[in-house]
Amino acid sequence: MLTFEEIGALRSKIQDQLSQVIVGQENVIEELIIALFCQSHAILEGVPGLAKTLLISTLARTMNLSFNRIQFTPDLMPGDITGAEIIEEDRSTGRRDYRFIEGPLFANVVLADEINRTPPKTQAALLEAMQERQVTVGRVRHELPIPFFVLATQNPIEQEGTYSLPEAQQDRFMFKILVKYPSWKEEFEVVRRTTSTTQAEIQPVLGAQEILEIQRLVREIPVSEHLIRYALSLVRQTRIGEEGVPEFIEENLSWGAGPRAVQNLIMGAKARAMIHGRNHVNTDDVKSLAYPILRHRIALNFTAESEGMTPDQIIERLIQETPDREDELLNHPRFKRMFGV
């Protein structure tokens, strides 16, 4: 059985292996590891050329997991990703029978590249796989391999010919991770590496069974009532018309996050504490994950968008205006109304 210190060391080993191929992006890598250890999925959003595909495929190699990449296009059909039944004839007997041919979803790590370029019907097929970890072809259900991890990418620039993900499907992703431009020093190193003959040798750090054990251990980490109350306070403040919602939320949001956001905050905080070698969770764990968990679950209204505001600015202000000490949170007049005290 893995200890917390060993899991913390595994995180460092994973990042060391990835750093041979990927320059920088430490926060992105950490959030991907957290999502995997929470049995969840993530969206990566960034402009082309930021090595999102390379990062995901290298992560799969580092964890000794099978990997498939699906390039989503407007003509992609559900059967193209789930698989299909074909008629197969036994030449010796002449008997015909159906045989299921697995699609690219049958892998531990699936990269759904440019997920917003495929029609809603295909997006819905992916949704079943993400939520149920199975696909249905005809009337037959086929179990997907475990662990099962979907990473979807989106291009924030070019929106022509795209199909926006419905809010319900976005909510199925634990994180929306923003992949940003590298710094000067990082980009210099990228150019130096990619224009030479150097080839990195990636060594697996852990396997499927160890990942399943870590996923189980994450749920066993205890959290205090204060931590749940703090996470719940952050999320409930995004909901228009609720008691205790600050004025700037009423002025800038159309709607807020649902209960799945709180669940993900607590699970993510547990996993973050674990990969840092701790068996206890604190409010800093919740704060650091509030951005990737909430940014795709809150909707700015027209006023906020016209003023150039971003979801991250709203989240930052929420964190600033929410006391993280238990006595301050419980005795604050606005939060007393929220708690019904």
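The values are calculated or read from the model by the stated rules, or taken from the named source; none is laboratory data. The model shown is predicted, which means the values in this text are computed figures rather than measured ones. Glycine also receives a Cβ, built like all others from the backbone with ideal geometry; neighbour counts cover every protein chain displayed.
The number of residues in the range 9-30 that are under 15 Å from L44 (Cβ atoms) and over 21 Å from the mean Cα position of the chain (by Cα) comes to 0. Among the residues making up the range 276-289, those that are crowded, with 19+ Cβ neighbours inside 10 Å and either hydroxyl-bearing (S, T, Y) or over 18 Å from E225 (Cα atoms) (or both) are T283, L289. Summed over the range 20-67, the residues that are over 21 Å from I214 (Cα atoms), in contact with a helix residue (DSSP H, G or I) (Cβ under 9 Å, 6 or more places away or on another chain) and among the polar types (S, T, N, Q) give a count of 2.
Considering only residues in the range 167-197 that are touching a residue at least 40 places away in the same chain (Cβ under 8 Å), part of a helix (DSSP H, G or I) and polar (S, T, N, Q), the one that is surrounded by the fewest Cβ atoms within 10 Å (Cβ to Cβ) turns out to be Q170. Only one entry in A304, A271, A257 is surrounded by 15 or more Cβ atoms within 10 Å (Cβ to Cβ), touching a helix residue (DSSP H, G or I) at 6+ places or on another chain (Cβ under 6 Å) and either basic (K, R) or within 29 Å of G8 (Cα to Cα) (or both), namely A271. Only one of the numbered conditions (1) under 14 Å from A152 (Cβ atoms); (2) within 14 Å of the chain's Cα centre (by Cα) is violated by T53, and that is (2).
Within the range 20-53, the residues that satisfy the criterion of being surrounded by fewer than 16 Cβ atoms within 10 Å (Cβ to Cβ) and within 28 Å of R216 (Cβ to Cβ) are E26, N27. If the condition is being exposed (fewer than 11 other Cβ atoms within 10 Å of the Cβ) and outside any helix (DSSP H, G or I), then the range 332-341 contributes G340, V341. Being in the same structural domain as E247 (by TED's automatic domain parsing), part of a helix (DSSP H, G or I) and modelled with pLDDT under 90 is a condition met by at least one residue of the range 275-283. Within the range 198-224, being part of a loop (DSSP other than H, G, I, E, B) and among the hydrophobic types (A, V, I, L, M, F, W, C) holds for A200, I202, V205, L206, I221, V223. Please determine, by comparing only the residues of the range 135-163 that are under 24 Å from Q209 (Cβ atoms), in contact with a strand residue (DSSP E or B) (Cβ under 7 Å, 6 or more places away or on another chain) and at pLDDT 85 or above, which one is surrounded by the most Cβ atoms within 10 Å (Cβ to Cβ). Among those that are under 24 Å from Q209 (Cβ atoms), in contact with a strand residue (DSSP E or B) (Cβ under 7 Å, 6 or more places away or on another chain) and at pLDDT 85 or above, it is L151. Starting from residues that are at pLDDT below 85 and of a type in the set (A, V, I, L, M, F, W, C), keep the ones in the range 77-92 and report whichever is surrounded by the fewest Cβ atoms within 10 Å (Cβ to Cβ). Looking at residues that are at pLDDT below 85 and of a type in the set (A, V, I, L, M, F, W, C), I get I87. Applying the selection to the range 59-84, what residues are within 21 Å of the chain's Cα centre (by Cα) and of a type in the set (A, V, I, L, M)? L59, A60, M63, L65, I70, I81, listed by residue number.
Any idea which of L227, L232, L329 is farther than 22 Å from V28 by Cα, in contact with a His (Cβ under 9 Å, 6 or more places away or on another chain), in a helix (DSSP H, G or I) and of a type in the set (A, V, I, L, M)? Before you say what the answer is, go through the steps one by one.
Details: L227 fails: in contact with a His (Cβ under 9 Å, 6 or more places away or on another chain); L232 fails: in contact with a His (Cβ under 9 Å, 6 or more places away or on another chain).
Being farther than 22 Å from V28 by Cα, in contact with a His (Cβ under 9 Å, 6 or more places away or on another chain), in a helix (DSSP H, G or I) and of a type in the set (A, V, I, L, M) holds for just one of L227, L232, L329, which is L329.
Taking the condition at pLDDT 85 or above and either surrounded by fewer than 21 Cβ atoms within 10 Å (Cβ to Cβ) or under 17 Å from G83 (Cβ atoms) (or both), does E132 pass? No: the conditions fail for E132. Among the numbered conditions (1) under 17 Å from L32 (Cα atoms); (2) part of a helix (DSSP H, G or I), the only one that H296 does not meet is (2).
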